[in-house]
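Student: After the structure tokens below, expect a handful of questions from me.
Every read-out reported here was derived from the displayed coordinates using simple, explicitly stated rules and does not represent laboratory data. What you see is a predicted model, and the numbers here were worked out from it, not measured in a lab. When we count neighbours, we look across all protein chains shown, and the Cβ atoms used for this are built from the backbone with ideal geometry, even at glycine.
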Amino acid sequence: MLLYQMHEFGRAWMAPMTYWADAGAKMFGAPGSWLSSVPGASRIAAGYELMYRIGKDYEKPEFGIHQVEIDGTEYPVVERVVVDKPFCRLLRFKRFADDAAGIAAFKDDPPVLVVAPLSGHHSTLLRDTVKTLLRDHKVYITDWVDARMVPAEAGGFTLDDYIGYVQEFIRTIGADTLHVISVCQPTVPVLAAVSLMAGRGETTPRSLVMMGGPIDTRENPTQVNNLAVEKPLWWFEANLIHAVPANYPGGGRRVYPGFMQHGGFVAMNPERHFQSHWDFYEHLVKGDLEDAESHRRFYDEYNAVLDMPAEYYLDTVRIVFQQHLLPKGLWDVRGERVDPSKIRGTALMTIEGELDDISGQGQTRAAHKLCTGIPEADQRHLTVSGAGHYGIFSGRRWRTQVYPQVREFIAAHAAKVPAAKTGAKPPGERRLRAVPRGR
């Protein structure tokens, strides 16, 4: 199919008009330009900028985390690549202090691995998650690579490979002191990765925090879940999988293109996006530059999408959404059965948004039913009142309601010796501990 090639042709055809619109917006909007004083200049400039932003390409944003404020003091932060693999980079955001007390405090902070979703957007979508965690933790994050930028000779990338990457990153950081936070899609491969490590007798992380993920999509299915089961797997492969054009390093690689994913995101709430763009135009006309800049920041992130490897995408549709192999206890990864009940020395916290329309309530909480080897005292669940999917890991609710409880949970288990290491036997039955929704 030539859809990807047609998209590239259309993008190239639109490029001159996009540059022209950008130039027009600056000519009629720049304070020093004589055109900015002509009648109706603000509306002309606003129209040009709106045209430019609708037609432009959106590159991967930067994390842009250069400092973090802790107890009223700003500390510099440096982004470092710890592991560089074909489809993912493991990044660390390292904090620096120039006094002995600060250095000692940072050294004692627990390490956290944030496993970002490989589901369309870049890992920079978790910028707020990372910046908040940096106040009290050493923070690592998975930075997934756009599949169109991975040369074809690097081979394919499956869900099994994803699990292997997660295990390698856990071992690299050191599982004995590590806490893992998985956001949305990676809750499934992270639980599988830790289950397999436990089954082999390896050291597993101190805790798992799973946020808004599809552990069992049979629970309270959403529109996204229903789409995955309404169509057979061959339909997804025939209609959504395309070859990367030759002008990219990954030319010839089969992918689920980012531009198609973006179209799906917009189609879920087209009226809201139309209204947002109209409001942006009005803000520019009125000179409301703060709200206009807020719009730019949001859509710079939202419109920046990546291609997913076809093998990984189809595996996820089949294993997670259609066959439900994890909750059924039927998932084999390279000949090994995924059995979450073998996890012993790892605490578990699940977090869901009350209004999540991507992973419905109960889908993430289902992890507790599977992890029967974890003692009751080491389990916790939080439902965030009034929060949608993104609100549980970004924005005001994340910072004021969710993060304080995540911080407490990690701190409690950073200092605690896991039951499995003391010889204690896990209970046969347990219930979830009630947890307040905020602090």
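Student: For the stretch 60-121, what is Rg from Cα atoms divided by 2.2 N^0.38 Å, rounded to two decimals?
Tutor: Ratio of Rg to 2.2 N^0.38 Å for the stretch 60-121: 1.33.
Student: For the stretch 121-232, just say rounded, prolate or oblate: build the C-alpha gyration tensor, square-root its eigenvalues into a ≥ b ≥ c, call rounded for a/c under 1.5, and beyond that prolate if a/b exceeds b/c, oblate if not. Walk me through the numbers on the way to the answer.
Tutor: Details: a/c = 1.33, a/b = 1.26, b/c = 1.06.
Rounded shape, in that the Cα axes give a/c under 1.5.
Student: For the chain, give the magnitude of the charge dipole about the Cα centre (Cβ charges: +1 Lys/Arg, -1 Asp/Glu; no others), in debye to the nearest 20. Mind dumping the intermediate values first?
Tutor: Values: 50 positive and 52 negative charges, 230 e Å.
Taking the Cα centre of the chain as origin, the dipole is about 1100 debye.
Student: Subtracting the Cα-Cα distance from 0.36 nm times the residue separation, let me have the gained length for Arg337 to Phe265 in nm, one decimal.
Tutor: Once the chain is fully extended between Arg337 and Phe265, it gains 22.5 nm.
Student: For the stretch 335-421, what class follows from the C-alpha gyration tensor (a ≥ b ≥ c being the square roots of its eigenvalues): rounded when a/c is under 1.5, otherwise prolate if a/b is larger than b/c, else oblate?
Tutor: oblate
Student: Considering amide H positions built from the backbone, and no H for Pro or chain starts, which residues 5 or more places from Val82, or on another chain, come under 5 Å of its amide H?
Tutor: For Val82, the qualifying residues are Leu90, Leu91, Arg92.
Student: Over 24 Å between Cα atoms, which of Lys60/Lys131; Lys231/Lys342; Lys342/Lys369; Lys56/Lys85 qualify? Each step should come with its number before you reach the end.
Tutor: Numbers: Lys60/Lys131 18 Å; Lys231/Lys342 34 Å; Lys342/Lys369 13 Å; Lys56/Lys85 30 Å.
Exceeds cut-off: Lys231/Lys342; Lys56/Lys85.
Student: Would you mind finding the longest exposed-site-free stretch of the chain, with exposed GluC sites (Glu not before Pro) meaning DSSP loop and at most 12 other Cβ atoms within 10 Å?
Tutor: Working: sites that count: Glu59, Glu62, Glu429.
Value returned for the longest uninterrupted segment is 63-428.
Student: While we're on this one: Report the paramagnetic label zone for Ala411: residues of the stretch 52-72 whose backbone N is under 20 Å from a point 7 Å from Cα along the Cα-to-Cβ axis.
Tutor: 68-72
Student: Express the relative contact order of the chain as a whole percentage, based on alpha carbon pairs under 8 Å and six or more residues apart in sequence.
Tutor: On the way: 798 pairs, mean separation 75.5, N = 439.
Relative contact order here is 17 percent.
Student: Rounded to whole Hz and in sequence order, give me ³J(HN,Hα) for the stretch 71-86 from the Karplus expression 6.51 cos²θ - 1.76 cosθ + 1.60, θ = phi - 60°, writing x for Gly and Pro.
Tutor: Along the stretch 71-86, the couplings run 6, x, 10, 8, 10, x, 10, 10, 8, 10, 8, 8, 9, 10, 10, x Hz.
Student: What number, in percent, do you get for the relative contact order of the stretch 328-377 if the mean sequence gap of Cα pairs under 8 Å and at least 6 apart is divided by its residue count? Show your work: numbers first, answer last.
Tutor: Numbers: 43 pairs, mean separation 20.5, N = 50.
Rounded, it is 41 percent for the stretch 328-377.
Student: Follow-up. Could you work out the helix-only [θ] at 222 nm for the chain, with each DSSP H run of four or more residues adding -39,500 (n - 2.57) and the total divided by the number of residues, to the nearest 500 deg cm²/dmol?
Tutor: Result for the chain: -12000 deg cm²/dmol, rounded to the nearest 500.
Student: Sticking with this one: 7 Å from Cα along Cα→Cβ at both Val81 and Ala238: what's the point-to-point distance in nm?
Tutor: If labels sit at Val81 and Ala238, their model points lie 4.1 nm apart.
Student: Return the percentage of antiparallel bridges among DSSP beta bridges fully within the chain, rounded to the nearest 5 %.
Tutor: Numbers: 25 of 49 bridges.
Bridges in the chain are about 50 percent antiparallel.
Student: Now, a different point. Taking amide H positions as placed in the peptide plane 1.01 Å from N, state which residues far from Val384 in sequence (5 or more) or on other chains have amide H under 5 Å from it.
Tutor: Answer set, sorted by chain and number: Glu352, Gly353, Glu354.
Student: Assuming 0.36 nm per residue, please report the length gained on full extension of the stretch Arg396 to Glu202 beyond their Cα-Cα distance.
Tutor: So the chain would gain 66.1 nm between Arg396 and Glu202.
Student: Under the definition of Cα pairs under 8 Å and six or more residues apart, what whole-number percent is the relative contact order of the stretch 51-172?
Tutor: Across the stretch 51-172, relative contact order equals 26 percent.
Student: Shifting gears a bit: Quick check: from the Cα gyration tensor, does the stretch 236-384 come out rounded (a/c under 1.5), prolate or oblate?
Tutor: Oblate.
Student: Per residue of the stretch 267-283, in order, report the coupling 6.51 cos²θ - 1.76 cosθ + 1.60 (Karplus, θ = phi - 60°) as ³J(HN,Hα) in whole Hz, putting x for Gly and Pro.
Tutor: 5, 5, 9, x, 5, 5, 5, 4, 5, 5, 5, 5, 4, 4, 4, 5, 4
Student: Something else: Would you mind estimating how fast the stretch 1-104 diffuses translationally, via Stokes-Einstein at 25 °C and 0.890 mPa s with the Kirkwood radius over Cα pairs, in µm²/s?
Tutor: 133
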